[in-house]
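Peer 1: Below is a structure I'd like to ask you about.
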Amino acid sequence: MEPSDTNQMKILKALADPKRLRIIAMLSSKELCACKLLEAFSITQPTLSHDMKVLLKARLVKSRSMGKWKYYSLDNENISNFYQQLGQLLFPASKTEHPASDFQKR
């Protein structure tokens, strides 16, 4: 197993949870304080901490501390790398035509 395979599995596992997927969607527009995420979900701090730990380990988000709060934003570079790797897996360069185009022709 390649190191990138392990990271891809972490990403897919992190995205499989609806709450974490919603956190990613919220962070797609701007950096957010943990306090705002807590308000949006009406969850406890330990629950949010667990979800953020999963997202951080998958390298989907990054964090910075400011005072007593953590601020989270997307790790765009790693997300872009994952997107490229997934594309190469699903649509190998050896094919001359994108497989999805078959569905458009029907």
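No lab work stands behind these numbers, since they all come straight from the coordinates. Everything quoted here is computed from the prediction, not taken from an experiment. In this analysis, Cβ positions are derived from the backbone assuming ideal geometry, glycine residues included, and neighbour counts consider all displayed protein chains.
Peer 1: Does at least one position in the range 74-83 carry a residue that is over 15 Å from L15 (Cβ atoms) and among the acidic types (D, E)?
Peer 2: Checking the range 74-83: at least one residue is over 15 Å from L15 (Cβ atoms) and among the acidic types (D, E).
Peer 1: Of the conditions (1) surrounded by 13 or more Cβ atoms within 10 Å (Cβ to Cβ); (2) under 11 Å from the mean Cα position of the chain (by Cα); (3) free of Cβ contacts under 8 Å to residues at least 40 places away in the same chain, D51 fails just one. Which one is it?
Peer 2: (2)
Peer 1: Go through the range 1-25 and give me each residue that's in a helix (DSSP H, G or I) and loosely packed, with under 15 Cβ neighbours inside 10 Å.
Peer 2: Residues satisfying the conditions are P3, S4, D5, T6, M9, L12, K13, P18, K19, L21, R22, A25.
Peer 1: Can you name the residue in the range 26-50 that is assigned to a loop (DSSP other than H, G, I, E, B) and not β-branched (V, I, T) and is also nearest to Q84 (Cα to Cα) among such residues?
Peer 2: The residue in question is S28.
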